[in-house]
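The values are calculated or read from the model by the stated rules, or taken from the named source; none is laboratory data. Worth saying up front: this structure is predicted, and the values here are computed from it rather than measured. Cβ placement follows ideal geometry from the backbone for every residue including glycine, while neighbour counts extend to all protein chains displayed. These area figures cover heavy atoms from the full protein model, side chains too; ligands, DNA and RNA do not enter into them. Shrake-Rupley method; radii C 1.70, N 1.55, O 1.52, S 1.80 Å.
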Amino acid sequence: MNDVESQPGFQQEHPGKPPRPDLNARTRRVLTHLDAVLPDLDALYRDLHQHPELSAQEAHTAAEVARRLEAEGYEVTRGMGGHGVVGLLCNGDGPTVMLRGDMDALPIEEKTGLPYASHVTTPDGEPVMHACGHDVHTVCLAGTAALLARSRDAWRGTVMVVAQPAEETLQGAQAMLEDGLYARFGTPDVVLGQHTAPLPVGAFMHREGVTMMGSAHVRVRLFGKGAHGALPHLSVDPVVMGASVVMRLQTIVSRELSPLEAAGVVTVGIFHAGARANVIPEEAVLELTVRTVDDAVRAQVLAAIERIVKAEAEASDAPRPPRVEVLSSTPVNHNDPALLRRIRDAHAGWFGSSAMVPGVLVTASEDFPRFAQGPEQPVPTAYWFMGITPLKAWNEAPGNTPEEKMSNLPGPHSPTYAPDREGSLRKGCESLTVAALACLHPGGASRDA
Ligand SMILES: [Zn+2]
Ligand SMILES: [Zn+2]
């Protein structure tokens, strides 16, 4: 199990932690079915990888998942928050454990050269690729669901399988919740999720507390007064107004956030204005991304953006107030410390502590933390990263630490992101199964002793 034991940079993060023989014994019983389900999972993976679907268009993927869940005896509901699928398997008294996998792909042209590479384009010619590994997540979710259904004597409780649409647009989790995910099926006791990472296949990374930053996508429209480019005194120039806004926004992180308490990013990624060199346009549009490690800081940053934009417009004598819209946002992905420790210990017990990579904060964002919003109180969530890089590619990548090697390997959203197929599916099913069993109650006590 310790494929990465000899790799450089892997520290023994939990030395001396004894494996949990009861959990490993139950895991072994459940995983006896893995070889039987793998051929179907491999076929599903090739199918999904070759036929990726953009956010909110996951009809085929959802149908494949739903069909498999039904065949394993799950009570299945389709069409939750778009193409979301929910599968429930009630198996005696015990906690409800929600397992979440996301299904959508990205508008990226695949350049892996794999025999099962995607050549899909949308009707308007946009290429589509599973460049974030959501096909791995979906297949491991279906695989784990099958393994748990075939070994019901090894655990007690309720398994709630959630195949989520539209993660890349940060809309699917909220859409499923608004469609009554918790109201209709009950609020789970814990929510578990995993994401691929350019670590070696068989390695896992967990981080207590904040594991991924929260984000907001903001659009700003600045209204000016157009004029001939040679008659600037007759204009209110939105280009100059926008330039002042861009410069002043740089002071939010540098002058308004405490360097000791808050990390944040404010990036202006889009600045559109004008079409001719000699025409002062009527308006300018800016689009920003905001990242923070704290939801209160995100609110502070958003308030500062609005204040600065309004003040610059007023300073320019704009004819109309500017418009500031938050197009999408997602909270900080915060791992419940006790739950995360339980999962990490379970993974270390199964995969060996040498397969555990010390957790680092990821600046990317996820809508997974939406599932922590219970109707009455927060739901504990745990989210970890699983390596998918073929060992040969990992060994050949330059660098002496995992971070250095990862920076030299294709990661999520790269057109050459190519998971080790069999290794990723095996390890991904194992990691989700181990985590689920660590939260469910044991089955018959005598058999698990
Ligand atoms: Zn992604
Ligand atoms: Zn992703």
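Which of the residues spanning the range 164-179 are open to solvent by less than 10 Å² (accessible area, probe 1.4 Å) and more than 16 Å from ligand 1 (Cβ to nearest atom)? The one that is open to solvent by less than 10 Å² (accessible area, probe 1.4 Å) and more than 16 Å from ligand 1 (Cβ to nearest atom): Met176. Can we say Gly352 is within 30 Å of Arg152 (Cα to Cα), modelled with pLDDT of 95 or more and within 16 Å of ligand 2 (Cβ to nearest atom)? It is false that Gly352 is within 30 Å of Arg152 (Cα to Cα), modelled with pLDDT of 95 or more and within 16 Å of ligand 2 (Cβ to nearest atom). The strands (runs of 3 or more DSSP E) found entirely in the range 264-382 that carry 3 or more residues being farther than 20 Å from Ala435 by Cα and free of Cβ contacts under 8 Å to residues at least 60 places away in the same chain are 264-273. Scanning the range 106-126 for residues that are part of a loop (DSSP other than H, G, I, E, B) and within 12 Å of ligand 1 (Cβ to nearest atom) turns up Pro107, Ile108.
Across the range 410-442, the number of residues qualifying as of a type outside the set (Ser, Thr, Tyr) and within 16 Å of ligand 2 (Cβ to nearest atom) comes to 9. When each of Ala105, Ala71 is tested for being touching a Cys at 6+ places or on another chain (Cβ under 8 Å), modelled with pLDDT of 95 or more and not charged (D, E, K, R), the lone residue that passes is Ala105.
Kindly provide the set of residues from the range 164-212 that are out of contact with any helix residue (DSSP H, G or I) (no Cβ under 6 Å at 6 or more places or on another chain) and hydroxyl-bearing (Ser, Thr, Tyr), ordered by number. Answer for the range 164-212, where residues must be out of contact with any helix residue (DSSP H, G or I) (no Cβ under 6 Å at 6 or more places or on another chain) and hydroxyl-bearing (Ser, Thr, Tyr): Thr169, Tyr182, Thr187, Thr211. The sole residue among Gly186, Gly269 that is closer than 28 Å to Ile305 by Cβ and open to solvent by 10 Å² or more (accessible area, probe 1.4 Å) is Gly269.
Among the residues of the range 228-256, just one is of a type in the set (Asp, Glu) and closer than 19 Å to Thr289 by Cα, namely Glu256. The sole residue among Pro442, Pro390 that is in contact with an Asp or Glu (Cβ under 6 Å, 6 or more places away or on another chain) and open to solvent by 50 Å² or more (accessible area, probe 1.4 Å) is Pro442.
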